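Remarks on the structure that follows.
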Amino acid sequence: MALGIPTTPVMAILMAAFMLYGLNLGPTLFTQEHRHLTWTIITSMYIGNLILIVLNLPLVGLWARLCLVPYRILGPIVLAICFVGAYSMRNNMFDVWICILFGILGYAMKRRGWPVAALILGLILGPMFEHNLRASMGMSGGSVLIFIERPIAAVVLNIDSYIHQCKL
């Protein structure tokens, strides 16, 4: 979170939620302006872990038995909760259709073996990439050569092309 790079799919979703509320993630999150929010997040994670320990130790048998519920029963319940959650955000059926659309997209990606986390990362990092690309292009007067004229950028591009050639 300190670098603004999501390391797991869960962190990507959390960062997407922060971006929806207008927070710029990265080193600026730890400055004086957002100091209270940063420590609130850290404290809430500690409290959440403590609550999980207190709840999960006595209920571990119940959670294990939940895995025995057949998918034909559990699946519709999970879908109904997702649809109710999507509708209740803004009381709009459009949100439910978007939920269905992304569910179908996720199912298709899983069937083809494509990583769903890559899509989430792209949705989160896309706006930041576009903003920084525009800033770079503006500094160079609209020339794409800025990405190969600078030594650091040239080294990074060469490493990237080498990795793709070697398929590491």
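The set of residues in the stretch 104-125 being assigned to a helix (DSSP H, G or I) and at pLDDT 85 or above consists of I104, L105, G106, Y107, A108, M109, K110, R111, R112. Scanning the stretch 72-85 turns up no residue that is under 22 Å from the mean Cα position of the chain (by Cα) and closer than 20 Å to L123 by Cα.
Of L14, L23, L68, all but one fail to be in a helix (DSSP H, G or I) and out of contact with any Asp or Glu (no Cβ under 6 Å at 6 or more places or on another chain); the exception is L14. F147 meets each of the listed conditions (1) over 19 Å from L20 (Cβ atoms); (2) of a type in the set (F, W, Y); (3) at pLDDT 80 or above apart from (3). Scanning the stretch 104-131 for residues that are touching a residue at least 24 places away in the same chain (Cβ under 8 Å) and loosely packed, with under 11 Cβ neighbours inside 10 Å yields a single hit, P127. Of the residues making up the stretch 86-141, those that are closer than 19 Å to V10 by Cα and of a type in the set (S, T, Y) number 1.
Rundown of residues vs (1) more than 21 Å from the chain's Cα centre (by Cα); (2) of a type outside the set (F, W, Y); (3) at positive phi; (4) not in a helix (DSSP H, G or I), yes/no style:
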residue	(1), (2), (3), (4)
W63	yes, no, no, no
F102	no, no, no, no
P127	no, yes, no, no
N132	no, yes, no, no
M137	yes, yes, no, no
G141	yes, yes, yes, yes
L157	yes, yes, no, no
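Yes/no per residue for (1) touching a helix residue (DSSP H, G or I) at 6+ places or on another chain (Cβ under 8 Å); (2) surrounded by fewer than 10 Cβ atoms within 10 Å (Cβ to Cβ); (3) under 30 Å from N132 (Cα atoms); (4) without any contact (Cβ under 8 Å) to a residue 12 or more places away in the chain:
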| site | (1), (2), (3), (4) |
| --- | --- |
| A2 | yes, no, yes, no |
| M19 | yes, no, yes, no |
| P27 | no, no, yes, no |
| L37 | yes, no, yes, no |
| T43 | no, no, no, yes |
| L52 | no, no, no, yes |
| P70 | no, yes, no, yes |
| I77 | no, no, no, yes |
| A80 | no, no, no, yes |
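The values are calculated or read from the model by the stated rules, or taken from the named source; none is laboratory data. Bear in mind the structure is a predicted one, so any value in this text is a computation, not a measurement. Cβ atoms come from the backbone with ideal geometry, glycine included; neighbour counts cover every protein chain shown.
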